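I have placed the structure first, in the form of structure tokens, so that the comments after it can refer back to it.
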């Protein structure tokens, strides 16, 4: 596997991968790879020649967030990628964001949910993803549905800027207990990780209540909040939205999504569940 740090070299390689009729799949990550990343990579390999990037993007971290302490393990990540037969890992130098003076933002969708608690987060995410798209010029890019708001925003960005990339969603990969896999799960000790599993269980109980016949958005949201508080979580938000995240639902239908962020033992987690 070749590890590429230079932007110009990555551009040349990607251009070559697309000759004469090749297609490039791209999986952007911040490293510390886990089963969720591996699922993204496995999906990407079905569509084309696969490039993975690892870059901990400082632009998407707030001042009081964990940029400096975010888990990094490039050596082990490279080992995992070699085992998956990935030929190219793009690990750009920090100058990919240095001196950036223009940014991508989507105020209508960025200033709700995560955007309320992390005001500059999506500006940082969209800007770095646009940069990576410009460097790699992929035909397909893969994003996990755990970060559902991110997926919606990137999909809208690709559409609004007429990018020749298809944004492919990939189902959330979970621990046996239901906890969504995340690099930040490494912050937990075993006991706290076990208790954190109640996050998804609370969302699932709410979805089960919908299946049992409750359709009131207010009642379902209140039920979810009570379950999360009972599990000892501090709630940033728990809202029921349509699948496009355009409106908060008062009357819940199949296909709507319960999306939430909580804090537990100093770790912030996000997750969601669709109503069926």
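For the reader, a short list of remarks on this structure follows.
- The residues on offer are 89, 132, 153, 145, and the sole one that is closer than 22 Å to residue 262 by Cα and buried (at least 20 other Cβ atoms within 10 Å of the Cβ) is 153.
- Test result for residue 49, surrounded by fewer than 18 Cβ atoms within 10 Å (Cβ to Cβ), touching a strand residue (DSSP E or B) at 6+ places or on another chain (Cβ under 7 Å) and closer than 14 Å to residue 89 by Cα: no
- When the residues of the stretch 18-30 are filtered to those that are within 12 Å of the chain's Cα centre (by Cα) and modelled with pLDDT of 95 or more, the one that is nearest to residue 61 (Cα to Cα) is 29.
- Evaluation of residue 85 against (1) in a strand (DSSP E or B); (2) at positive phi (one fails), failing number: (1)
- Residue 31 falls short of the stated requirement of being assigned to a helix (DSSP H, G or I), in contact (Cβ under 8 Å) with a residue 24 or more places away in the chain and closer than 23 Å to residue 154 by Cβ.
- Which numbered condition residue 166 misses (of (1) in contact with a strand residue (DSSP E or B) (Cβ under 6 Å, 6 or more places away or on another chain); (2) not assigned by TED's automatic domain parsing to the domain that holds residue 38): (2)
- Long-range neighbours under 8 Å by Cβ, at least six apart or interchain, first residue at positive phi and surrounded by fewer than 19 Cβ atoms within 10 Å (Cβ to Cβ) within the stretch 178-192, second at pLDDT 95 or above and not in a helix (DSSP H, G or I): 178/197
- Top-ranked residue of the stretch 162-177 - restricted to ones that are without any contact (Cβ under 8 Å) to a residue 40 or more places away in the chain and surrounded by fewer than 17 Cβ atoms within 10 Å (Cβ to Cβ), ranked as nearest to residue 107 (Cα to Cα): 162
The values are calculated or read from the model by the stated rules, or taken from the named source; none is laboratory data. Everything numeric here is computed off the predicted structure, so don't read it as measured data. Because the Cβ atoms are built from the backbone with ideal geometry, glycine has one as well, and the counts that use them run over all protein chains shown.
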